[in-house]
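One structure below.
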Amino acid sequence: MEKLTIFTPTYNRKKKLLLGYEALCRQTNKDFIWLIIDDGSTDDTEALVHAWKKKDNGFKIEYVYKENGGLHTGYNKAIELMETELCICIDSDDYMPDDGVEFIIKTWTAYGREQKGVAGIVGLDFKLDGTPLGGEFPKTGNAHLYEIRKMHKGDIKIVCKTALLKALPMMPTFGNEKNFNPFYYVLWNIKRMVCLIYYSINFVILHIVLHNIVDYHCHYLIMIQRLILRMPFIMYQVVCFLVSGICYKLHLSHF
């Protein structure tokens with residue numbers, strides 16, 4: 001089985017998907033699956049992807065069409081379907097450097113796989129001019145996502161152990177909210193380009209930290225999550241942030 005799933009939620013991005021596809025064709029390591037979650041596109045994305053699937057790309061392409069529900073529902077579907085050890089989301093208007101997959105697998109093998117409590121690795125998003133969004137990380141090594149968000153304000157790219165995402169309940173959905181996308185990790189932090197992006201200042205994702213994907217906290221956080229999902233959305237955001245801080249302190253006590 002392949003080592004990595006690269007999943008891409010997309011909605012009417014037929015023209016922009018090409019850059020991502022071409023970048024994956026150039027990968028120096030093709031030990032991955034490209035999973036495309038089509039969130040109800042009406043621009044013939046499906047026909048384009050099926051044409052790619054017929055080519056000898058050197059990697060597997062999986063395509064799933066679903067009713068439009070927003071970015072987080074694309075994540076939910078991808079998490080449901082993925083079976084590889086690692087996963088990463090590359091947005092439909094972004095693409096990876098040519099050695100991105102190779103670097104991810106080497107980094108995970110060297111630093112992440114055998115470390116207790118490490119859920120994945122995190123790298124930098126870069127603009128097309130080679131500038132990292134939010135600047136470089138001030139340090140590398142073991143870091144909690146809560147800590148990373150405090151020391152770095154730009155976009156990041158997260159690689160996670162798939163099994164840990166599957167162990168938790170799916171992300172909740174709220175009426176008329178299609179950009180809700182919560183994550184909470186302990187990660188290996190690297191000063192390295194992982195993704196090149198087209199950055200749009202008028203597109204906002206709520207970075208709400210909720211899940212501490214560390215084995216010894218999972219059970220308690222699932223119980224907490226089931227309680228707070230019933231709260232109004234604004235209150236939910238506040239509680240998620242407070243829970244993330246508590247879990248960060250708990251995490252430090254285990255290292």
If you check K60, K54, K106, which single one turns out to be over 26 Å from I148 (Cβ atoms) and out of contact with any strand residue (DSSP E or B) (no Cβ under 6 Å at 6 or more places or on another chain)?
K54
Would you confirm whether or not the range 155-178 contains a residue that is on the phi > 0 side of the Ramachandran plot and at pLDDT below 75?
yes
So which residues in the range 109-137 are under 12 Å from D155 (Cβ atoms), of a type in the set (G, A, S) and either free of Cβ contacts under 8 Å to residues at least 24 places away in the same chain or in contact with a helix residue (DSSP H, G or I) (Cβ under 6 Å, 6 or more places away or on another chain) (or both), if there are any at all?
G134, G135
Of all residues in the range 141-157 being touching a residue at least 60 places away in the same chain (Cβ under 8 Å) and among the basic types (K, R), the one that is nearest to G112 (Cα to Cα):
K157
Scope the range 8-53; condition out of contact with any Phe, Trp or Tyr (no Cβ under 8 Å at 6 or more places or on another chain) and of a type in the set (F, W, Y); matching residues:
Y11
From the residues in the range 110-154 that are of a type in the set (D, E) and at pLDDT 80 or above, which one is surrounded by the most Cβ atoms within 10 Å (Cβ to Cβ)?
D125
What's the number of the condition A51 fails, among (1) among the small types (G, A, S); (2) within 20 Å of the chain's Cα centre (by Cα); (3) at pLDDT 95 or above?
(2)
Pairs please, first residue from the range 93-106 and over 15 Å from K3 (Cβ atoms), second anywhere and outside any helix (DSSP H, G or I) and among the aliphatic types (A, V, I, L, M), Cβ atoms under 6 Å, 6+ apart in sequence or on different chains.
D94/I197; Y95/L196; P97/M193
Of those in the range 56-65 that are surrounded by fewer than 15 Cβ atoms within 10 Å (Cβ to Cβ) and without any contact (Cβ under 8 Å) to a residue 40 or more places away in the chain, the residue farthest from the chain's Cα centre (by Cα) is D56
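The values are calculated or read from the model by the stated rules, or taken from the named source; none is laboratory data. These numbers were taken from a predicted model, which means no experiment stands behind them. Cβ sites come from the backbone with ideal geometry, for glycine too, and all protein chains shown count toward neighbours.
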